[in-house]
Amino acid sequence: GFLLRSSLRKGDIAGRFGGEEFLAILPEADLATAQAAAERLCARVRANETLWSSQTLSVTVSVGVVVLEGEETLEKAISRADHALYAAKDAGRDRVMVARTTPAPE
């Protein structure tokens, strides 16, 4: 949680969204700002190594980024972010994927 919150601006909102998933809402952020925050988070998590039982452990994150489109609901935007997150995982993890347009209906 701390690394996520420290990667965001004052007024941004972050919290746990599922078992291993977190959600950040960046009011009034454009795509470039949101993507930069996500890249900053990935770098901070990657650099944050932990010593455990005489071994160094490191963790990485995968991030899906979206910007609300027009009258899109938050639920729909979260669904698009989830698709982008899984695309990041499928592409090898430890990366940011941006969903630029609404995916076709399933």
_Label corresponding to log10 I(q)/I(0) by the Debye sum over Cα atoms at q = 0.14, 0.18 Å⁻¹ when calculated from the structure given, among (1) -0.71, -0.88; (2) -0.45, -0.77; (3) -0.55, -0.89_ = (3)
*Between Thr101 and Ala87, 0.36 nm times their residue separation minus their Cα-Cα distance comes to what?*
3.6 nm
_Let me spell out the model: positive unit charges on the Cβ of Lys and Arg, negative unit charges on the Cβ of Asp and Glu, origin at the Cα centre of the chain. What dipole size does that give, in debye rounded to 20?_
460
*Filter the trypsin sites (Lys or Arg not before Pro) in region 1-76 down to the DSSP loop ones having no more than 15 other Cβ atoms within 10 Å, then list what survives.*
Arg9, Lys10
*Using the heavy atoms of the protein chains alone and a 1.4 angstrom probe, what is the accessible area of region 37-106 per residue in square angstrom?*
69
*How far, in nm, would the chain grow between Thr33 and Glu72 when pulled straight, counting 0.36 nm per residue and subtracting the alpha carbon separation?*
12.1 nm
*Val98 long-range amide H proximity, modeled H, under 5 Å*: Val65
*Could you run the Karplus curve 6.51 cos²θ - 1.76 cosθ + 1.60 with θ = phi - 60° over region 17-31 and give me ³J(HN,Hα) per residue in whole Hz, x for Gly and Pro?*
10, x, x, 10, 10, 10, 10, 10, 10, 10, x, 6, 8, 8, 4
_Derived scalar couplings ³J(HN,Hα) [region 63-76; Karplus, 6.51 cos²θ - 1.76 cosθ + 1.60; whole Hz; x for Gly, Pro]_ = 10, x, 10, 9, 10, 4, 10, x, 8, 4, 6, 4, 4, 5
*Just name one of Gly70, Pro27, Ser53: the one whose Cα is farthest towards the positive end of the charge dipole of region 1-98 (beta-carbon charges, Lys/Arg +1, Asp/Glu -1).*
Ser53
*Which percent of the accessible heavy-atom area of the chain goes to carbon and sulfur, probe 1.4 angstrom?*
53
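The values are calculated or read from the model by the stated rules, or taken from the named source; none is laboratory data. Just so we're clear, the structure is a prediction, and the values are computed from it rather than from any experiment. For neighbour counting, all protein chains shown are included, and Cβ atoms are generated from backbone atoms with ideal geometry for every residue, glycine included. These accessible areas exclude ligands, DNA and RNA; they are computed on the full protein's heavy atoms, side chains included. Shrake-Rupley method; radii C 1.70, N 1.55, O 1.52, S 1.80 Å.
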